[in-house]
């Protein structure tokens, strides 16, 4: 059971690393190259889908659930247990809670934009979106590495 939980945690956290890396490279470059009105419309459309995506929600819960289960089930060694618990803590605070505190207000702001006119804060919101996602990328990357060490 231990190996299954660790594998699931690594898989989910690593997939989120890929998503965050894509956001911070491909999507950033795309939105930077667009006019403000196009960038606003595309960000709003992207977030509307991302905020309700069940796959993304599931990927976000898996590392936390696996860490909780491992907390009760234990690990083959104390070092692996420490790595798994630290990974879960890093992911919980740096990805899950960070999303609730910093990303969800951005989602709310963007969802309220009336795109009949270009919102004045488009570029600042996109910039803030990328900054907060950089933290999520780091948290998912660190958690992935720690889960890997726990394997």
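Couple of notes before you dig in:
- Entry remark, region 113-151: residues being within 22 Å of residue 95 (Cα to Cα) and assigned to a helix (DSSP H, G or I) number 27 in total.
- Test result for residue 104, at pLDDT below 95, under 20 Å from residue 20 (Cα atoms) and assigned to a helix (DSSP H, G or I): yes
- Some residue of region 86-95 being surrounded by 13 or more Cβ atoms within 10 Å (Cβ to Cβ), in contact (Cβ under 8 Å) with a residue 40 or more places away in the chain and farther than 17 Å from residue 9 by Cα: no
- Condition broken by residue 39, with the remaining ones in (1) surrounded by fewer than 13 Cβ atoms within 10 Å (Cβ to Cβ); (2) farther than 21 Å from residue 11 by Cα; (3) in contact with a helix residue (DSSP H, G or I) (Cβ under 7 Å, 6 or more places away or on another chain) satisfied: (1)
- The single residue among 119, 63, 105, 76 that is farther than 17 Å from residue 13 by Cβ and surrounded by 16 or more Cβ atoms within 10 Å (Cβ to Cβ) turns out to be 119.
The values are calculated or read from the model by the stated rules, or taken from the named source; none is laboratory data. From a predicted model like this one, the values you see are computed outputs, not experimental measurements. Don't worry about glycine lacking a Cβ; one is built from the backbone with ideal geometry, like all the others, and counts go over all protein chains shown.
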